[in-house]
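A short write-up of the structure that comes next.
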Amino acid sequence: MNDRIRTDIAHNARVWNYWLGGKDNYPVDRAVGDQVTGFYPSIGEVARADRAFLGRAVTHLAAEAGMRQFLDIGTGLPTADNTHEVAQRIAPDARIVYVDNDPIVLTHARALLTSAPEGVTEYVDADAHDPERIVAAAAGTLDLSRPVAVLMLGILNFVQDTDEARSIVRTLMAAVPSGSHLVLTHPTLEPELGGEGNKAAMAFWNENATPPITARSREEFASFLDGLDLLEPGIVSCSRWRPSDGESQVVAQFGAVGRKP
Ligand SMILES: C[S@@+](CC[C@H](N)C(=O)[O-])C[C@H]1O[C@@H](n2cnc3c(N)ncnc32)[C@H](O)[C@@H]1O
């Protein structure tokens, strides 16, 4: 086993996998996952809505916006419909770079590297706090003179300082040209999304699991998209971003896609 993997404390990627119905988690992850669900019963719905949003956003970007390069930061453990599977179903030549800093994701990276023969998938073991390193590593696989879809789903919430989170996004989006896109999801306490219940759950998480998490207001979330053109319907519960079934339950997780003009 990778000696960076700790089985005595719950880890985000594994608990997220548990909420999604996956098997790549330990008893400590399941115990904390169940306790968080006790505080915030819709957390499983949030995780599923986030993944469904990923599927719809990547489908739109590959099928309608012509995107052929994807940089997915905060990949998570492999599950159904990973970014490369969704993108390459539409465009087999799509090139995908995954980035995560969790050792358990690294051990499963080979499952993320099953590219269509016409395309490429690469995995980079790096931290979101070091966007310059991510850009340098991505440049080995992606042509940064051509548009890139940068995905940061459920990860800026692990960057505690909002100014730093903004600066990370700015650095990444400065490295890609006009026509590139930013895809974001982020948890919130905003009552309009029913997020009040998240507060106790996050406090519990921060005392019992890792890494520490933070929620953001609509205004803070919007600031990550400054300077980009927001795609319709703008900043919404990720479940309400172009839902395929027309009606879907609001979850306390913002979702949005912006295009670099
Ligand atoms: C909530 S999961 C989301 C996974 C996937 N993006 C999704 O939306 O289903 C967050 C992921 O971000 C990763 N992560 C958290 N902090 C990170 C950091 N500082 N640098 C890189 N990855 C990080 C975790 O290991 C985990 O895989």
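The values are calculated or read from the model by the stated rules, or taken from the named source; none is laboratory data. These numbers come from a predicted model, not from an experiment. Ideal geometry is used to build each Cβ from the backbone, glycine not excepted, and the neighbour counts take in all protein chains shown. Accessible surface areas use protein heavy atoms only, side chains included; no ligands, DNA or RNA. Shrake-Rupley method; radii C 1.70, N 1.55, O 1.52, S 1.80 Å.
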Can you tell me which residues in segment 96-131 are under 23 Å from Gly154 (Cβ atoms), open to solvent by 30 Å² or more (accessible area, probe 1.4 Å) and out of contact with any Pro (no Cβ under 7 Å at 6 or more places or on another chain)? Asn101, Leu106, Thr107, Arg110, Leu113, Thr114, Glu122, Asp125, Asp127, His129, Asp130
Considering only residues that are touching an Asp or Glu at 6+ places or on another chain (Cβ under 9 Å) and more than 9 Å from the ligand (Cβ to nearest atom), look in segment 60-81 and name the one that is nearest to Leu184 (Cα to Cα). Gln69
From the residues in segment 140-182 that are assigned to a loop (DSSP other than H, G, I, E, B) and within 11 Å of the ligand (Cβ to nearest atom), which one is most open to solvent (accessible area, probe 1.4 Å)? Gln160
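What about Glu190, is it open to solvent by 50 Å² or more (accessible area, probe 1.4 Å) and either farther than 24 Å from Val28 by Cβ or without any contact (Cβ under 8 Å) to a residue 40 or more places away in the chain (or both)?
Details: open to solvent by 50 Å² or more (accessible area, probe 1.4 Å): no; either farther than 24 Å from Val28 by Cβ or without any contact (Cβ under 8 Å) to a residue 40 or more places away in the chain (or both): yes.
Against the criterion (open to solvent by 50 Å² or more (accessible area, probe 1.4 Å) and either farther than 24 Å from Val28 by Cβ or without any contact (Cβ under 8 Å) to a residue 40 or more places away in the chain (or both)), Glu190 does not qualify.
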Do the conditions hold for Ala57, that is, is it within 25 Å of Thr188 (Cα to Cα), more than 10 Å from the ligand (Cβ to nearest atom) and within 16 Å of the chain's Cα centre (by Cα)? yes
Glu122 versus (1) part of a strand (DSSP E or B); (2) more than 11 Å from the ligand (Cβ to nearest atom); (3) under 27 Å from Ile235 (Cα atoms): which is the lone unmet condition? (3)
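Mind telling me which of the residues Glu196, Glu247 ends up being at pLDDT below 95 and closer than 22 Å to Asn12 by Cα?
On the way: Glu247 fails: closer than 22 Å to Asn12 by Cα.
After applying the criteria, what remains is Glu196.
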Matching residues, segment 41-74, being touching a strand residue (DSSP E or B) at 6+ places or on another chain (Cβ under 7 Å) and either assigned to a strand (DSSP E or B) or at pLDDT below 95 (or both): Gln69, Phe70, Leu71, Asp72, Ile73
Ala52 fails exactly one of the following numbered conditions: (1) over 22 Å from Arg259 (Cβ atoms); (2) surrounded by 18 or more Cβ atoms within 10 Å (Cβ to Cβ); (3) within 13 Å of the ligand (Cβ to nearest atom). What is the number of that condition? (1)
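Just a yes or no: is a residue in segment 227-244 open to solvent by less than 20 Å² (accessible area, probe 1.4 Å), among the β-branched types (Val, Ile, Thr) and within 20 Å of Glu45 (Cα to Cα)?
No, there is no match, as no residue in segment 227-244 is open to solvent by less than 20 Å² (accessible area, probe 1.4 Å), among the β-branched types (Val, Ile, Thr) and within 20 Å of Glu45 (Cα to Cα).
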Every pair of residues 6+ apart whose Cβ atoms lie under 9 Å, when the first sits in segment 99-112 and is in a loop (DSSP other than H, G, I, E, B) while the second is away from the ligand (no atom under 11 Å from the Cβ) and not charged (D, E, K, R): Asp102/Ile5
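For the structure I just gave you, tell me whether Asn206 is within 11 Å of the ligand (Cβ to nearest atom) and under 29 Å from Arg48 (Cβ atoms).
Working: within 11 Å of the ligand (Cβ to nearest atom): no; under 29 Å from Arg48 (Cβ atoms): yes.
No.
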